[in-house]
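Below is one structure, written out as structure tokens; comments come after it.
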Amino acid sequence: AKNAGDLSNLKVLLDGRDVSSSVGRDPEGRIVVPTKGLRDGAHTVDVTVGTSNIFSRSVRSSWDFVVDTAQPKVALRSPATPDVAAKSIEFAGTTEAGAAVSLAWKGGERDATAGADGAWTAAAELPEGATDVTLKVVDRAGNVTTQSRRFRVDTTAPKLAVAKLPARLIDTDAPLIR
């Protein structure tokens with residue numbers, strides 16, 4: 001509370017442990033609960049403040065929060081190989097639900113958001129030849145994972161040249177072409 005005065009009547013529990021003696025105030029007078037060293041996962045803060053004057057009463061508030069310091073895991077499922085035969089490519093993968101996914105390469109970029117199941121897709125047009133694509137994932141806590149992969153787009157069919165046809169091609173059902 002901005003009008004927090006005397007903190008001696010304040011009781012603060014963090015995950016059931018009394019941290020009242022470590023509570024302080026920021027320059028604007030708000031109560032600051034120490035969180036250094038908390039492990040990743042769910043946590044609960046319970047705050048109770050009371051007065052003992054003529055208007056004796058107490059107020060209690062509780063809230064939950066999650067600490068997330070881990071980089072999001074990401075798996076690129078498609079394309080399955082770095083060699084592709086089309087310029088239009090559907091990138092697909094999985095990561096944390098709600099994470100922002102971006103693909104970037106020289107000359108373009110695409111963005112996607114992972115669904116509730118963590119799945120995401122993004123269609124892209126890559127240029128012919130080798131292209132480095134950077135996949136960046138940012139989870140809701142702001143943690144970032146970046147991966148780079150090189151894809152080779154080859155839409156040109158190989159040329160086939162027959163050097164010499166046999167003289168009697170029509171007379172056989174198993175011609176030998178050299």
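The values are calculated or read from the model by the stated rules, or taken from the named source; none is laboratory data. No experiment lies behind these values; they were computed from the predicted model shown. Quick reminder, even Gly has a Cβ in these numbers, built from the backbone with ideal geometry, and neighbours come from all protein chains shown. For accessibility, only protein heavy atoms count, side chains too; no ligands or nucleic acids. Shrake-Rupley method; radii C 1.70, N 1.55, O 1.52, S 1.80 Å.
Points to keep in mind about this one:
- Residue match in segment 62-72 (condition: in contact (Cβ under 8 Å) with a residue 12 or more places away in the chain and farther than 30 Å from residue 30 by Cα): yes
- Residue count, segment 105-129 (criterion: under 21 Å from residue 152 (Cα atoms), touching a residue at least 12 places away in the same chain (Cβ under 8 Å) and either of a type in the set (Lys, Arg) or open to solvent by 40 Å² or more (accessible area, probe 1.4 Å) (or both)): 8
- Condition check for residue 64: farther than 30 Å from residue 128 by Cα, part of a strand (DSSP E or B) and either at pLDDT below 90 or in contact with a Leu (Cβ under 6 Å, 6 or more places away or on another chain) (or both): no
- Residue count for segment 14-29, restricted to those that are surrounded by 11 or more Cβ atoms within 10 Å (Cβ to Cβ) and within 32 Å of the chain's Cα centre (by Cα): 2
- Taking the numbered list (1) in contact with a strand residue (DSSP E or B) (Cβ under 6 Å, 6 or more places away or on another chain); (2) open to solvent by 60 Å² or more (accessible area, probe 1.4 Å) in turn, residue 56 passes all entries but (1).
- Single residue of 69, 48, 44, 35 found to be β-branched (Val, Ile, Thr) and within 22 Å of the chain's Cα centre (by Cα): 69
- If the condition is being more than 13 Å from residue 75 (Cα to Cα) and open to solvent by 50 Å² or more (accessible area, probe 1.4 Å), then segment 135-153 contributes 140, 141, 144, 150, 152.
Matching residues to (1) open to solvent by 60 Å² or more (accessible area, probe 1.4 Å); (2) under 30 Å from residue 124 (Cβ atoms); (3) touching a helix residue (DSSP H, G or I) at 6+ places or on another chain (Cβ under 6 Å):
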residue: 8; (1), (2), (3): yes, no, no
residue: 40; (1), (2), (3): yes, no, no
residue: 48; (1), (2), (3): no, no, no
residue: 68; (1), (2), (3): no, yes, no
residue: 73; (1), (2), (3): yes, yes, no
residue: 81; (1), (2), (3): yes, yes, no
residue: 86; (1), (2), (3): no, yes, no
residue: 90; (1), (2), (3): yes, yes, no
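- Condition check for residue 96: open to solvent by 40 Å² or more (accessible area, probe 1.4 Å), free of Cβ contacts under 8 Å to residues at least 40 places away in the same chain and of a type outside the set (Val, Ile, Thr): no
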